[in-house]
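Here is the structure we will look at, set down as structure tokens.
The values are calculated or read from the model by the stated rules, or taken from the named source; none is laboratory data. Just so you know, these numbers come straight off a predicted model, no measurement behind them. Note that each Cβ is placed from the backbone with ideal geometry, even for glycine, and that neighbours are counted across all protein chains shown. Only protein heavy atoms, including side chains, enter the accessible area calculation; ligands, DNA and RNA are left aside. Shrake-Rupley method; radii C 1.70, N 1.55, O 1.52, S 1.80 Å.
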Amino acid sequence: MNRHALTDEQWQLIQPLIPRHTARTGRPPRDRRLMLDGIFWILGTGAPWRDLPDRFGPWQTVYDHFRKWRKSGVFAQIIQTLQIKLDRQGLIDWDLWCVDGASVRATRAAAGAGKKVSGGTRMNPKTTHWAAAEAGLDPSSTWSLTVRELPWPSR
């Protein structure tokens, strides 16, 4: 069993929500379960679409299914169906919501490191809170709580 693939039980639950191919001409449609497994592989690994393994078919086809299903609300229907099932079983605590940020990518600068800037690039001096207020800029969350003049550090 592939760790990103749906089990038979999971597939039986969401199969009615996945649209069927209705065109009468052209190539035969790809297996919807295989396309969904390919989408879950991408979402689970965080890999680029072009790195999708060949067992799922061409990455462009899997991406096309992802794009169409997302736009038509298929994934929202799946989530709603699963939430209803879990709620009926008493497995959802609606008072508690957690977001897993372990896979959210951030820049080096977001962690406090300096930005990658070449030595020849001119940098603007930092604007102090009082300078923004003197310039008539609207209050923002970065300076509205400390809107007083701060002493300028000696060089």
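Summary table below
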| item | result |
| --- | --- |
| Hits in segment 32-56 - residues which are exposed (fewer than 12 other Cβ atoms within 10 Å of the Cβ) and not small (Gly, Ala, Ser) | Pro48, Arg50, Asp51, Asp54, Arg55 |
| Residues that are assigned to a helix (DSSP H, G or I), farther than 20 Å from Ile79 by Cβ and not hydrophobic (A, V, I, L, M, F, W, C), drawn from segment 31-62 | Thr45, Arg50, Asp51, Asp54, Arg55, Gln60, Thr61 |
| Residue list for segment 8-30, filter: of a type outside the set (S, T, N, Q) and either in a helix (DSSP H, G or I) or open to solvent by less than 90 Å² (accessible area, probe 1.4 Å) (or both) | Asp8, Glu9, Trp11, Leu13, Ile14, Pro16, Leu17, Ile18, Pro19, Ala23, Gly26, Pro29 |
